Amino acid sequence: MDKIEVEKPVATILDKVDGWIETFVSMIPNLAVAIVLLIIFIVIAKFTAKIFKKLFSKTSDNKALEGLFATVIKWSILIVGIFIVLSILQLDKAVTSILAGVGIIGLALGFAFQDISANFISGVILAFRRPFAIGQVIKVSDIMGTAKRTNLRVTVIQTFQGQEVFVPNKDVLQNPIINYSAIGKRRIDLGVGISYGDDLAKVQRVVLETIKNLEGVIDKDNVVFDYGEFGDSSINFTIRFWIKYPGDPGFLVVRNNAIMKIKEAFDENDIMIPFPIRTLDFGIRGGEKLSEMKLDIAGSKQQAEAERGQDKDKN
């Protein structure tokens, strides 16, 4: 009885082993083809990635994006090759299970990391569109400074106060981007007010001459002077002129010098920048100044004396 009980399991195991050997032998041709195909796909993936890097380097100098795309292309080709190899080995169920698992994982990751995905896609778009380059002065939303570096997640802006601000690429793409370095120059708009008693033509001539002789001003034929409004205490004008930007002297320096030179020119030519003025109107109907009002001083004294006499009689 014991002998029979031992032989049955051994026989079962031997049958299984024989079946596996037969299956392996029958699959040797498919296995050989699968190995050859896998090697071919590996070679194709590496070769394609190398070709892509060469082509991409001719259109962009973004190494991070170049490496990312090369890796994505390489692994995409390898994954396709692995699925084909599994199909040749008649592992269709395994392929189906893998695809289902990848789909579920991808959906879960999409919900969990949607902000990261948005920043990644925005980084890719910015890398291709290139609205600014490293080292240029830009403004994104309320953040202004020099673009220091960028990757597929954030853009780093160094403000003029010295802080580094990490702006998500999604915010960079969705907000207006002002590139102050794109055209190599920047305009300064300077508002000034002069007295109502000054000669307007003389003021215009003095200001234009002062600005055109100012260090750092370019395109001197494009300096624009225009009166804008009658203010409460002054006639206001705006002087607009261009400087090289970025460059030396800087924006703040030229604007500072322009204010100082205009004030010096006004002092030399007896042109006044007025203080705020308020006119007091004492007329009942308006339009009557204090100096023009007729004051009956004698009548006022008589009325006051009469009122004092009435007070004494009452007492």
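Give the residue that is farthest from Ile271 (Cα to Cα), with candidates limited to residues of the range 223-248 that are more than 25 Å from the chain's Cα centre (by Cα) and not in a strand (DSSP E or B).
Val223
Condition first: of a type outside the set (A, V, I, L, M) and surrounded by 18 or more Cβ atoms within 10 Å (Cβ to Cβ). Now tell me which residues in the range 161-185 satisfy that.
Within the range 161-185, Asn169, Lys170, Tyr180, Ser181 meet the criteria.
Determine, yes or no, whether Phe166 is under 20 Å from Asp115 (Cα atoms) and free of Cβ contacts under 8 Å to residues at least 24 places away in the same chain.
Spelling it out, Phe166 is indeed under 20 Å from Asp115 (Cα atoms) and free of Cβ contacts under 8 Å to residues at least 24 places away in the same chain.
Would you be able to say whether some residue in the range 284-291 is of a type outside the set (Asp, Glu), at pLDDT below 90, touching a Leu at 6+ places or on another chain (Cβ under 8 Å) and not in a loop (DSSP other than H, G, I, E, B)?
Yes, there is a match, as at least one residue in the range 284-291 is of a type outside the set (Asp, Glu), at pLDDT below 90, touching a Leu at 6+ places or on another chain (Cβ under 8 Å) and not in a loop (DSSP other than H, G, I, E, B).
Take the residues in the range 173-187 that are among the hydrophobic types (A, V, I, L, M, F, W, C) and at pLDDT below 90; name whichever of them is farthest from Ile116 (Cα to Cα).
Ile183
Could you figure out which of (1) part of a helix (DSSP H, G or I); (2) among the basic types (Lys, Arg); (3) modelled with pLDDT of 70 or more isn't true of Arg149?
(1)
For (1) within 19 Å of Met272 (Cβ to Cβ); (2) touching a helix residue (DSSP H, G or I) at 6+ places or on another chain (Cβ under 6 Å), each residue gets a yes or a no:
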| site | (1), (2) |
| --- | --- |
| Phe160 | no, no |
| Leu173 | no, yes |
| Ile177 | no, no |
| Gly184 | no, no |
| Gly197 | yes, no |
| Val203 | yes, no |
| Leu208 | yes, no |
| Asp219 | no, no |
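List the number of the failed condition for Asp142; all other conditions in (1) acidic (Asp, Glu); (2) farther than 29 Å from Lys261 by Cα; (3) modelled with pLDDT of 90 or more hold.
That leaves (3) as the condition not met.
Let me spell it out: the conditions are (1) of a type in the set (A, V, I, L, M); (2) in a strand (DSSP E or B); (3) touching a residue at least 12 places away in the same chain (Cβ under 8 Å), and Val156 meets all of them except one. Which number is the exception?
All conditions pass for Val156, except number (3).
Return the residues of the range 68-124 that are at pLDDT below 75, over 15 Å from Leu38 (Cβ atoms) and either among the aromatic types (Phe, Trp, Tyr) or surrounded by 16 or more Cβ atoms within 10 Å (Cβ to Cβ) (or both); say none if nothing qualifies.
Leu68, Phe111, Phe113
The values are calculated or read from the model by the stated rules, or taken from the named source; none is laboratory data. This one's a predicted model, so the numbers in the text were calculated from it and none came from an experiment. Quick reminder, even Gly has a Cβ in these numbers, built from the backbone with ideal geometry, and neighbours come from all protein chains shown.
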